[in-house]
Amino acid sequence: MLELTLVPFLEAAVRTATPLAFAALGELVAERAGVINLGLEGTIIAGCLGGAAAAMFGGAGVGFIGAAAAGLAMALVFAVFVVHVKTDQIITGTALTLLGLGITGSIYHLRPALVGAGTSLPTTGPVAIPLLSEIPIVGSALFAQPWPTYSLYLMVPALAWWLARTQAGLGLRAVGEHPEAAAAAGLSPQRIRFAAICFSGAMGGLCGGTLVLAQVGSFNEGMSAGRGFIAIAIVVLGRWTPWGTAGAALVFGGAFAFQYLAQSLGLGWPYQLFLAMPYVLTLALLAAQRGRAAAPAHLGR
Amino acid sequence: MEALLAFWDGAVGSSYAFWSATLVRATPLLLVGLAVAVAFRAGVLNIGAEGQLVLGAIAASGVALAFPSWPSLLLIPAMIAGGAAGGAVWAGIAAWLRHRFGVLEVISTIMLNFVAAAFISWMVRGPLQEPTKVYPMSVSFSESARWPFLLSGQRTHLGLLLGVFAALLLWFVLTRTAAGFRVRAIGAGAAAAESAGGVDARGLRWRVFVASGALAGLAGASEVGGVTWALYEGISPGYGYTAIAVALLARLDPRGVVLTALFFGALEAGGASMQRNAGVPAVTVQIITAGVLLSVLAFARWRVGQREGSLS
């Protein structure tokens, strides 16, 4: 019974959580510097396209570089507007999402060959780690995944340490909490925010790259399917910490994977209920953590 | 060049293009644009007009399908009321989450957009599906549920009149009444409005949020009643997001929204024509929308910079 229900459910949960965690960890860094990047959705879809196009030339590895570069390019536009022109973050982000969806959709329709439509892209498959992947129940979910998942196992503790224990991490948090004080202490809030946005862009791009190159295997119009917005909610649920964010991403992966579990259990509910569930769950969890959230004081300003 | 010609033909190149393509697409944009404008005026970041529009379309369709034999004089007002109520309830959820639990409306309204998309997908495959259960759509509305055209021989319908009326009403309320002054005051600075003006910012935000949802719901009712005469899953090609550009380009002035809705309506109509006649995907229009938004933002900042420069 467990082999047929729980194990595939856990595998699907980790698989779904992986791209979300990339995007959410990037967004976390931007938000700790006081920037909410609502253009993340556009960044992710750009990463999907960049990943697919680059993988056509040089294989999956080059594909991930292309994905990060495409995300970075989108983030640069956002950073110039938000940091230097000082435009409203929410609206600039909305515009960037429209821009990303528009550009990628247009390329997909006009130059389908460029994104490998109709051919199979080089992808990266699951790599089972000996011994660890044989742990009962959770082994295959945690240790028989494509390598982007494993890179997160290193990235989450590294980011937690960097934010909490290093001079640069302290500077980043200072800019998000009190930019005037940070400036008085000799830091450049503008430069730090710019760098944080660039990091979130590259991570958003990697989210798209993971989707295309480790999961779906092709580029489709609008395939980011709201992951950018979900990632922003994940950061709030994770209370702006790397470990919390990773955990919240996993909860989300579980909410998405629940539809597989429900199918195998033979529940006859309409499938749209499962489509809506992750979003309803987000609202419920956000409502439940009322008053305990610790948003950076200068977020969005 | 071919694409540009197709764009021109489809948007304003003939009286048919203007009345039956541009104005028909401007109608929902006008109503949703007003919804976003009034919310932003009060400092409510309602990014969920898309979901509120969808709920309005579902509610209005429900009314039309439940009472097909009612005369138009009764049924159409009932559809209008139903659509507004549907959008208002959907916005009300986000408003309630904000005021009861402190959930930011930017996030909650986006989440509710996805829930609305799943909800309409279920409606057109479940309770409101046509009786043969083949197509994901409702049955066509009865004659009396179809909104009248404004002139014979073209497709501009009652929804446009509603939109223009709503724009004038909103402009009047915002600029000529005490309630409108309070809305603008909390938008400019809630703390100052509360301490200096004795304004109940929380209560006012509630009401503005719900009113904004009602306007977006009206756009949904107008689409099913005036254009499609049935409920479809793809009832909105992202009008709720384009509306943000519509509202901002008008600098949140309801009178300006009439003009910017017309501009974006022409953009949508021309984009559709480019797709049909020149093979340019309609999604390309989103690039233009994004470009307009970014230009408006940059220009607004530049003006602020000029003003600050002249003061110092």
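Once every Cα of region B:106-193 carries one equal point scatterer and solvent is ignored, give the base-10 log of I(q)/I(0) from the Debye formula at q = 0.12, 0.15, 0.16 Å⁻¹, two decimals.
-0.77, -0.95, -0.97
Non-local amide H neighbours of A:Val127 (under 5 Å, H modeled in plane, Pro and chain starts lacking H): which ones?
A:Gln145, A:Trp147
Output ³J(HN,Hα) for region B:5-11: one whole-Hz value per residue in order, computed from phi by the Karplus curve 6.51 cos²θ - 1.76 cosθ + 1.60 with θ = phi - 60°, and x for Gly and Pro.
Values per residue, Gly and Pro as x: 4, 4, 4, 4, 4, x, 9 Hz.
Using the Cα centre of the protein assembly as shown as the reference point, and only Cβ charges (+1 on K/R, -1 on D/E), how large is the resulting charge dipole? Debye, rounded to the nearest 20.
1320 debye
Per residue, how large is the accessible surface of region B:1-88? Use a 1.4 angstrom probe and give square angstrom.
Values: 3040 Å² over 88 residues.
Solvent-accessible surface per residue comes out at 35 Å².
Cα centroid distance between region A:151-190 and region B:242-274, in Å?
41 Å
Could you give each residue of region B:258-267 its phi-based ³J(HN,Hα) in whole Hz, using Karplus coefficients 6.51, -1.76, 1.60 with θ = phi - 60°, and x for Gly or Pro?
Karplus-based 3J(HN,Hα) across region B:258-267 equals 4, 6, 6, 5, 4, 4, 6, x, 4, 4 Hz.
In the neighborhood of B:Trp70, defined by Cβ-to-Cβ distances under 14 Å, what is the net charge if each Lys or Arg adds +1 and each Asp or Glu adds -1?
Counting the neighbours of B:Trp70, the net charge comes to 0.
Please give the Cα centre distance for region A:30-68 versus region A:70-116, rounded to the nearest Å.
Comparing the Cα centres of region A:30-68 and region A:70-116, I get a distance of 11 Å.
Only Lys, Arg, Asp and Glu count, each charged at its Cβ (+1, +1, -1, -1), so figure out the dipole size of chain A about its Cα centre, rounded to 20 debye.
580 debye
Just name one of A:Gly26, A:Gly268, A:Ser106: the one whose Cα is farthest towards the positive end of the charge dipole of chain A (beta-carbon charges, Lys/Arg +1, Asp/Glu -1).
Final value for the positive-end residue is A:Gly26.
Quick one: 3J(HN,Hα) in Hz for region B:209-220, Karplus 6.51/-1.76/1.60 with θ = phi - 60°, rounded, Gly and Pro as x.
In residue order, the calculated couplings are 4, 5, 5, 4, x, 4, 5, 5, x, 4, 4, x Hz.
Mind listing the long-range amide H neighbours of B:Met137? Cut-off is under 5 Å, sequence gap 5 or more, other chains count too, H placed in the peptide plane at 1.01 Å from N.
Hits under the 5 Å cutoff: B:Glu130.
Across the residues of A:279-290, average count of Cβ atoms on other protein chains within 10 Å?
5
Using Cα atoms only, what is the angle between the long axis of helix A:40-79 and the major principal axis of chain A, expressed in degrees (0 to 90) to the nearest 10?
That works out to roughly 40 degrees.
Just the ratio, please: alpha-carbon radius of gyration of region B:9-100 over 2.2 N^0.38 Å, N its number of residues. Display every interim value, and only then the final one.
Numbers: Rg = 16.2 Å, N = 92, 2.2 N^0.38 = 12.3 Å.
Normalised by 2.2 N^0.38 Å, the Cα Rg of region B:9-100 equals 1.32.
Total Å² of accessible surface buried at the B-A contact, 1.4 Å probe, nearest 100?
3300 Å²
Taking the alpha carbon gyration tensor of chain B, what are the square roots of 5 times its eigenvalues, largest first, to the nearest whole Å?
Working: eigenvalues 199, 131, 63 Å².
Taking √(5λ) for each eigenvalue gives 32, 26, 18 Å, largest first.
Per residue, how much accessible surface does region A:37-171 expose to a 1.4 Å probe? Answer in Å², no decimals.
For region A:37-171, the per-residue accessible area is 42 Å².
Residue farthest toward the positive end of the dipole of the protein assembly as shown, with Cβ of Lys/Arg at +1 and Asp/Glu at -1: which of A:Pro122, A:Val80, B:Leu170?
Of the candidates, B:Leu170 comes out farthest on the positive side.
At a Förster radius of 35 Å, what calculated FRET efficiency corresponds to the Cβ-Cβ distance of A:Thr119 and A:Val280, to the nearest 0.05? Mind dumping the intermediate values first?
Details: r = 38 Å, r/R0 = 1.09.
Given R0 = 35 Å and the Cβ-Cβ separation, E is 0.35.
How big is D for the protein assembly as shown, in µm² s⁻¹ as a whole number, if Stokes-Einstein is applied with the Kirkwood radius of its Cα pairs at 10 °C and 1.306 mPa s?
In µm²/s, the coefficient rounds to 63.
The values are calculated or read from the model by the stated rules, or taken from the named source; none is laboratory data. Predicted model, so just to flag it, every value in this text is computed and none were measured. Please note: Cβ atoms are built from the backbone with ideal geometry, for glycine as well, and neighbour counts cover all protein chains shown. Note: areas computed on protein heavy atoms with side chains; ligands, DNA, RNA excluded. Shrake-Rupley method; radii C 1.70, N 1.55, O 1.52, S 1.80 Å.
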